[in-house]
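Contents: one structure, followed by commentary.
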Amino acid sequence: MAFEAVRGGSLFLPVQGGRLRHRSTPASSSMNKSVVLAIYLTLSAAIAGGIIYGAIRAGYPLWLALATVYLLFVFLNGSLAYMARARRLRLEGQEPPPYLMYLFFPPGAPKLRDEAPKSLRIIVGIVSALGGMFFVGCGLALFSEAEFSRITHPTLAAFICAVLAGIGVALLYVGWRLIALKKRPPHDAA
C-alpha cells in the first residue's frame, strides 16, 4: 500500500517497524519538462495535420478545417489547464472555479481597465500604422487608376475608394495614439 506525500510528490511504502521507505517516482514525473513539451507539441502538430488532411479529403474547405483544429486545441489546452489548476486548488483546500467559467474567462486574461505594457502598445501602434498606410495607399491607387468614364457606377467606385482611404486614416490615427500615449490618468472611483 503506497502513500503519496503532499509536498514532494514522492511515494512512500510502509515497512516493518512503522518506518517509511522511499520508493522512486514514476518515470513520467522524472522526465525533463522540455522533453514532455516537445512530445506534446509534436503530437499536437500530427493530430492537427491529420484532422486538416482528413477534412480536406472529405471535401470541406481549408478555412473550416483550420477553424475546427483551432477550436479543438483551445478546448483541449483549456481542459488540461483546468485539470491542473483544479488539482492544485483542491490540494490547497480551496474550491476550483466552474469549468466553463475557467475555459472561457481564464484568470490570466486582462481586465477591461488593465493597461498594456509600453512595448506592446508601440508594436501594435506600428502594425496599425502600417496597415493604415496600406489601406490609404490602396484607396488612393484605386482612385488614381480608375477610368471613371468607363465605369457604369462611378459614384460607387469613388465611394469604395473613399471608404478604403477612410479605414486607413482611422488605423493611422489609432497607431499614432498608441505610440504617442504617455501614461493613462488614474480612473476615479466615483
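Here, each number is a calculation from the coordinates, and none is a lab measurement. If you're wondering where the values come from, they're calculated on a predicted model, not measured in any experiment. Note: ideal-geometry Cβ built from the backbone for every residue, glycine included; neighbour counts use all protein chains shown.
Of note:
- Overall dimensions of the stretch 31-104 by Cα: Rg and Dmax, Å: 16.0, 50
- Ordering of 71-84, 132-145 by packing is 132-145, 71-84, highest average first (other Cβ atoms within 10 Å, averaged per residue).
- 3J(HN,Hα) along the stretch 143-160, derived from phi through the Karplus expression 6.51 cos²θ - 1.76 cosθ + 1.60 where θ = phi - 60°, amounts to 5, 6, 8, 6, 9, 5, 6, 9, 8, 5, 10, x, 5, 5, 5, 5, 5, 5 Hz, with x in place of Gly and Pro.
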